[in-house]
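**Student:** One structure, pasted below without further comment.
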Amino acid sequence: MKKAEVRDRDIYMIPKGYLAIMVGRQAIDVELQRFVVPVMYLNHPLFIQLLKEAEEEYGFDQKGTITIPCQVEEF
């Protein structure tokens, strides 16, 4: 396996105890930005509010990575 292939694969590796989320508002931000955050953040009141906003905007039918609808700078 070539080094470039290993690096590309490693981008998608998420350490145990973390999860990947996408952040951004598609109408405002050019691209969504990917963050890897500790699972313990899921219990934080501010993160819970962001998840509720995601539910309101996207519903529970999101496929793939959770998308948080806020500007990256605010996240």
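**Student:** Pick from Tyr58, Tyr18, Tyr41: which is modelled with pLDDT under 85 and among the hydroxyl-bearing types (Ser, Thr, Tyr)?
**Tutor:** Details: Tyr18 fails: modelled with pLDDT under 85; Tyr41 fails: modelled with pLDDT under 85.
Criteria check complete, one pass: Tyr58.
**Student:** What are the residues in region 49-75 that are in a helix (DSSP H, G or I) and either surrounded by 14 or more Cβ atoms within 10 Å (Cβ to Cβ) or out of contact with any Cys (no Cβ under 9 Å at 6 or more places or on another chain) (or both), if any?
**Tutor:** First, the residues of region 49-75 that are in a helix (DSSP H, G or I): 49-58.
If the condition is that a residue be in a helix (DSSP H, G or I) and either surrounded by 14 or more Cβ atoms within 10 Å (Cβ to Cβ) or out of contact with any Cys (no Cβ under 9 Å at 6 or more places or on another chain) (or both), then Gln49, Leu50, Leu51, Lys52, Ala54, Glu55, Glu56, Glu57, Tyr58 are the ones that fit.
The values are calculated or read from the model by the stated rules, or taken from the named source; none is laboratory data. If you're wondering where the values come from, they're calculated on a predicted model, not measured in any experiment. In this analysis, Cβ positions are derived from the backbone assuming ideal geometry, glycine residues included, and neighbour counts consider all displayed protein chains.
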